[in-house]
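The values are calculated or read from the model by the stated rules, or taken from the named source; none is laboratory data. Remember, it's a predicted structure, so these values are computed and weren't measured experimentally. All Cβ positions, glycine included, derive from the backbone under ideal geometry; neighbour counts span all protein chains shown.
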Amino acid sequence: MLNDQQWQPVPGTAGAEIYPFLRKPDVTCSNAYLIRTPGEILLIDTGADPGQMNRIMALVDALLRETPRPVILIVTHCHADHCYQAIRDRRFRALPHLSVAAEETGARALEAGDAARTVAELMGWEIEPLPVSLPLLAARDRETLGADGGIALHRQQVPLRSGNTLLIYHTPGHSPDSICIRFGEYLFIGDLLFSTSPGIAGIAGWDQPALLASVGRVRWILAHEPVSLCCPGHGRSIPASAMPGLLDRLQGEAEKMAGVGIFDRERLADSLEHAVDLLQEANRVFAAIAGRLYALAYRLDDLGEAEEARRYQELLESDQIDGFLADFSRFADEFNAGEKFEVQLVLKAVQVIQRVEAHFAGDRLNHVVDASLLRRADRLLADFMNTILGYRDTAHLSAVDLPSVLRDLVAGALTCPFSDAAFIEAADDPAAYRAELVSRLAYLPLFEGVDLVLDGDDDPLSPVLIDRERFCDEVVGILEDMAAAGAREIRLSTRREGDAVGLLIRGSGTLSPRRLRFYRRKFGLCGASLAVTGDGSDLLLLLKPTFS
């Protein structure tokens, strides 16, 4: 393993030493690897952080004072988080005998100052052209090796003054110009292992078939070349022995990503808006779930069911979820203060969602918490990830009769989910008795004291196309918001609205602009559109009839 910011020998080379700059994975700046040999100074990526570049330049200046020699920057790919400081730092660009090397398609993007291909546009960074004196893997300079499955692997050998040789392998997928670099027994793999991460998959130049082929190429390199350690573009070094398992996982993730959308400024903006909604809604939903669990645990303990009480109190691990959401909130505050970039906030939301999903109890709560609330919590997480990856799930749209759906919804909202008969029948079975007891204690009559009134036109309405379960859950969410705001009567009225079918929900109080935006997004995913009517307290849902 490499030690951060220490000189250490590179096995398999003639007198080379490496000084790595290793960072926690961060989309705004990559690792950098400085290598000294008697004949040259090599730098693999610079990253984008000015502080990191200052340390690199201090070391390079000291080495050049000690022994003047060429400086060669090899860029693993042209994304700005790997080379922004090479573009922006005047001291670096003024170094004597500096050569910049990049795969030929990446070289063209750098020399053109292409903000899209370098993803500087996505980061909101300004760039300028960077001259590349060593375009790599041109047809005249490369050799073609046969990797497994008939995949072509292009390799170029770059001899150095020190007698060492750089081996450059073309491994596109994350970007067209992605390369792996072997120096001695170390293989520098760029962003290969991060290529399927949400917010990374789909960026400019991302190519699923090429990525799958490059997984095979890297397997061949590891099997046929003397590699003991892999050095990624982000994070700690990886023993070569651990790479097959990581490549298996990468391949499995990539195989599922044929439908990934392009991650551009438009999707970043959509993801950013969704991330802000996600933070507030996640706090609300998980607070409701945790509150019900704690109330249940208190009542069980009061009845002498201490062990059962402890089980439900620990079930959700809500303290950890609260911690994740609080961490996200702090990060959002830093973003609002201008200390973080848009893409950083979106990827922070991805990280939080993945952690929450790992702790969310899911099916274990079905008999305790209202199923609609659990489904909303699950979808809250899934919908955000689909936004990041550019997926749009409309597979569950079906033709339904809206009035009958609403009748079932209102009846379900007002019906107690348990019966006295079931409770009596369970008396002789301790496990069944506890389950019935828990269901009763956990039940929260959300619409107690609220009149839910369903009106409709006398004329029959055409069937509509919706995702029935999702639509009903979001309507229940609106009814809960209105009840929480103090509405004592909520009317649901169906009617014709031109070529559409309308559902007017009339309660009391107005939803905040954030809540309206949240519900517009949610209803849009289930086949409906939401509008505000009257004084702002009436909500109108428009649904598409099946004949249109």
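Show me the helices (runs of 4 or more DSSP H) entirely contained within region 279-363 in which 1 or more residues are touching a Lys or Arg at 6+ places or on another chain (Cβ under 8 Å) and at pLDDT below 85.
The qualifying helices (runs of 4 or more DSSP H) are 306-315, 318-336.
Determine which member of the set 57, 53 is in contact with a Phe, Trp or Tyr (Cβ under 8 Å, 6 or more places away or on another chain) and surrounded by fewer than 18 Cβ atoms within 10 Å (Cβ to Cβ).
Going through 57, 53 in turn, just one is in contact with a Phe, Trp or Tyr (Cβ under 8 Å, 6 or more places away or on another chain) and surrounded by fewer than 18 Cβ atoms within 10 Å (Cβ to Cβ): 57.
If you scan region 147-177, which residues turn out to be in a strand (DSSP E or B), surrounded by fewer than 21 Cβ atoms within 10 Å (Cβ to Cβ) and without any contact (Cβ under 8 Å) to a residue 24 or more places away in the chain?
Passing the criteria: 152, 155, 156, 157, 159, 165.
When you check residue 300 against the structure, is it surrounded by 15 or more Cβ atoms within 10 Å (Cβ to Cβ), farther than 26 Å from residue 474 by Cβ and not assigned by TED's automatic domain parsing to the domain that holds residue 207, yes or no?
It is true that residue 300 is surrounded by 15 or more Cβ atoms within 10 Å (Cβ to Cβ), farther than 26 Å from residue 474 by Cβ and not assigned by TED's automatic domain parsing to the domain that holds residue 207.
Test residue 197 against the stated conditions and say whether it is at pLDDT below 95, hydroxyl-bearing (Ser, Thr, Tyr) and closer than 29 Å to residue 268 by Cβ.
yes
Please indicate, with yes or no, whether at least one residue in region 425-443 is modelled with pLDDT of 80 or more and small (Gly, Ala, Ser).
Within region 425-443, not a single residue is modelled with pLDDT of 80 or more and small (Gly, Ala, Ser).
If you scan region 482-504, which residues turn out to be surrounded by fewer than 18 Cβ atoms within 10 Å (Cβ to Cβ) and assigned to a helix (DSSP H, G or I)?
484
Based on what the data block shows, is residue 236 surrounded by fewer than 17 Cβ atoms within 10 Å (Cβ to Cβ), modelled with pLDDT of 95 or more, out of contact with any helix residue (DSSP H, G or I) (no Cβ under 7 Å at 6 or more places or on another chain) and more than 18 Å from residue 387 (Cβ to Cβ)?
So residue 236 fits the description; yes.
Within region 181-190, is there a residue that is charged (D, E, K, R), touching a residue at least 24 places away in the same chain (Cβ under 8 Å) and either assigned to a strand (DSSP E or B) or assigned by TED's automatic domain parsing to the domain that holds residue 343 (or both)?
Yes; the residues of region 181-190 include at least one that is charged (D, E, K, R), touching a residue at least 24 places away in the same chain (Cβ under 8 Å) and either assigned to a strand (DSSP E or B) or assigned by TED's automatic domain parsing to the domain that holds residue 343 (or both).
Could you count how many residues in region 1-22 are closer than 17 Å to residue 43 by Cβ and surrounded by 15 or more Cβ atoms within 10 Å (Cβ to Cβ)?
So the answer is 9.
If you check 461, 465, which single one turns out to be among the hydrophobic types (A, V, I, L, M, F, W, C), at pLDDT 85 or above, part of a loop (DSSP other than H, G, I, E, B) and not assigned by TED's automatic domain parsing to the domain that holds residue 372?
Just a single option satisfies the conditions, and that option is 461.
Can you say whether residue 155 is farther than 16 Å from residue 181 by Cα, of a type outside the set (Phe, Trp, Tyr) and modelled with pLDDT of 95 or more, as far as the supplied structure shows?
no
Over 20 Å from residue 415 (Cβ atoms) and assigned to a strand (DSSP E or B), is that true of residue 508?
no
For region 98-125, how many residues are without any contact (Cβ under 8 Å) to a residue 60 or more places away in the chain, assigned to a helix (DSSP H, G or I) and small (Gly, Ala, Ser)?
2
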